[in-house]
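As structure tokens, the structure follows; a few thoughts come after it.
Since every read-out is calculated from the coordinates, none of them should be taken as a lab result. On a predicted model such as this, the values are computed, not experimentally measured, just so you know. Backbone-built Cβ (ideal geometry, glycine too); neighbour counts: all protein chains shown.
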Ligand code: RRO
């Protein structure tokens, strides 16, 4: 076993890194670049039944501390990503397939199609898109989340994962984890999506920086690292039969190491990938290896979830 090798759902990964869904993964040429990069796996853009243009531009802005976006689920429609998933070479690296239907029925249709394709793509069901006007996040409505997971578990009948929004209260960690734990097919939990409905202000222009929703959007990057780590660790502790994928605030090997200590099995990169290129994965792997070697760790397994408390 090599230093960086990782495992999820019994599948082996050369290293724990992949893109966060939404970044560098709308089109096949972007996915191909991730497939050719040093990332251990890759994930497609969250898809809907039909192609969507998304919200008006500008809809993403970088700041000194991260990013804000209100993309509005621009994607090519699930058939486009399913076609890509059929052609992907799974011998090179695993592929995740992100699903974000606009209704429960749409999610059932898309996940049934993935199941019936008999391909080893791993579904990450997005319960936390913050940016579709008029559509609240499923995972902030616990009854809707419970209904969704019951229906998807019954229809899909294979292990899958869920992309969660950040929670900010212990009672909400408890309630969300209790629902997830009712569903054994929910095999992994990805924490976190962007912190939704934030507002970045440009003081020179006395203006918002993105156009949709009067400037409100999801933030990522340095802003969200401690919230992401808390959510990774909260679900790692509460869901002992599931695995956790960390996402949020990763721009060097140090933050990858933190997510692993908090309990993540794999780690996604969003804002930092958007601001750089798929070449970032080689650097992150190098930096993570250097930290592990300095600390005497010979595998990721040896440090995962080993966060100490005082
Ligand atoms: O497309 C988006 O606006 C978007 C989605 Br679906 C999501 O899950 N998270 C996010 O920050 N943006």
In units of 2.2 N^0.38 Å, the Cα radius of gyration of the range 227-280 is 1.14
Gyration tensor on Cα atoms of the range 3-56, a ≥ b ≥ c root eigenvalues, a/c under 1.5 rounded, else prolate if a/b beats b/c, else oblate, says prolate
Taking the chain and counting helices only, DSSP H stretches of n ≥ 4 at -39,500 (n - 2.57) each over all residues, the nearest-500 ellipticity at 222 nm comes to -10000 deg cm²/dmol
With R₀ set to 22 angstrom, the calculated FRET efficiency between the beta-carbons of residue 301 and residue 182, to the nearest 0.05, is 0.20
Rounded to two decimals, the Rg over Rh value of the range 105-234 from Cα coordinates and the Kirkwood Rh reads 1.03
Simple SL model, points at 7 angstrom along Cα→Cβ for residue 214 and residue 104; separation in nm is 3.2
Rounded to the nearest 0.05, FRET efficiency between residue 79 and residue 11 (Cβ-Cβ, R0 25 Å) equals 0.50
Per the rule of 0.36 nm per residue minus the C-alpha distance, extending residue 154 to residue 174 adds in nm 4.8 nm
Taking a ≥ b ≥ c as the square roots of the eigenvalues of the Cα gyration tensor, with a/c under 1.5 meaning rounded and otherwise prolate when a/b exceeds b/c and oblate if not, the chain is rounded
Applying the gyration tensor rule to the Cα atoms of the range 121-197 (axes a ≥ b ≥ c; rounded if a/c under 1.5, else prolate if a/b exceeds b/c, else oblate), the class is prolate
When all Cα-Cα pair distances of the range 152-294 are considered, the percent exceeding 25 Å is 36
Simple spin-label estimate for residue 146/residue 241, 7 Å along Cα→Cβ, in nm, reads 1.8
Expressed in angstrom and ordered largest first, the alpha-carbon extents of the range 60-180 along the principal axes are 40, 38, 28
The base-10 log of I(q)/I(0) that the Debye equation returns for the range 1-129 at q = 0.17, 0.18, 0.20, 0.21 Å⁻¹, one scatterer per C-alpha, is -0.91, -1.01, -1.19, -1.27
Most packed first (mean Cβ within 10 Å per residue), the peptides 191-197, 178-184, 242-248 order as 242-248, 191-197, 178-184
Expressed as a percent, the portion of alpha-carbon pairs in the range 119-158 spaced more than 12 Å apart is 65
